[in-house]
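Below is one structure, written out as structure tokens; the observations come after it.
The values are calculated or read from the model by the stated rules, or taken from the named source; none is laboratory data. What you see is a predicted model; the values in this text were computed from it and never measured. Every residue, glycine as well, gets a Cβ built from its backbone with ideal geometry; the counts of neighbours run over all protein chains shown.
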Amino acid sequence: MSAIAGDVEAGIAGDVEVRAGSKPMVTGEPADTATEDCPACLLGNLNWLLAQAHYSLATELAGAFEPLGISPRGHAVLAAAMTGAHTQKELAELVGLDKTTMVVTLDELEEAGLAQRVPSPADRRARVVEVTKAGARKVAAADKVSMEVQADVLASLRESKGEQLLDGLCELVRQRLGEPGTCKGVRRREPRPQVA
């Protein structure tokens, strides 16, 4: 477990202190604990910190959603679908999913009776995702659980730091980190050669 996850779990909010020309240090806990649980070289690494926070929050939220019978991804797709008549492709872009994952997610949501693909009123060739009444009830229940988990997580920060964190992340996502960077795709393995 990382120091960050441990701090949140224990309800302790350590500060990250940065001095000019030095690496960040966690204050408020013994240096050897911070070094063992969270390598000092990563404490100032935004990518690593966001990935750690995302993973911990995503697993906590998934566990909290289990009794509802919905995943955080399914909740996000349903909530986005409730904002208007969107095609699968449009929803995938809104939520940040690839086409394959969107198809699988919508198949699961349809099977559970939470959504359905219907002909678009604007273009009969296109199909839009419509949330059923059961799906709307599921979104409302999941919204409540999500807000409780979020409030609990943010309460582990001092004073107004939770609000500042949300404001800062919203600003990053709306501006600098609004679009993914371009890079050569990362593959787990090279594709098999084509046989002629």
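Structure summary
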| read-out | value |
| --- | --- |
| Residue in the stretch 142-162 that is more than 27 Å from LEU50 (Cβ to Cβ), surrounded by 10 or more Cβ atoms within 10 Å (Cβ to Cβ) and modelled with pLDDT of 85 or more present | no |
| Residue check for GLU90: in a helix (DSSP H, G or I), touching a residue at least 24 places away in the same chain (Cβ under 8 Å) and more than 18 Å from the chain's Cα centre (by Cα) | no |
| Test: residue in the stretch 139-161 that is over 20 Å from the mean Cα position of the chain (by Cα), within 24 Å of THR87 (Cβ to Cβ) and touching a residue at least 12 places away in the same chain (Cβ under 8 Å) | no |
| The lone exception for GLY113 - which of (1) farther than 20 Å from ALA140 by Cβ; (2) surrounded by fewer than 13 Cβ atoms within 10 Å (Cβ to Cβ); (3) in contact with a helix residue (DSSP H, G or I) (Cβ under 8 Å, 6 or more places away or on another chain) it fails | (1) |
| From the options THR100, THR105, THR83, residue that is surrounded by fewer than 15 Cβ atoms within 10 Å (Cβ to Cβ), part of a helix (DSSP H, G or I) and over 14 Å from the mean Cα position of the chain (by Cα) | THR100 |
| Check on ARG117, of a type outside the set (A, V, I, L, M, F, W, C) and either touching a Ser or Thr at 6+ places or on another chain (Cβ under 6 Å) or part of a helix (DSSP H, G or I) (or both) | no |
| Residue check, ALA20 at pLDDT below 50, in contact with a Cys (Cβ under 6 Å, 6 or more places away or on another chain) and either small (Gly, Ala, Ser) or surrounded by 17 or more Cβ atoms within 10 Å (Cβ to Cβ) (or both) | no |
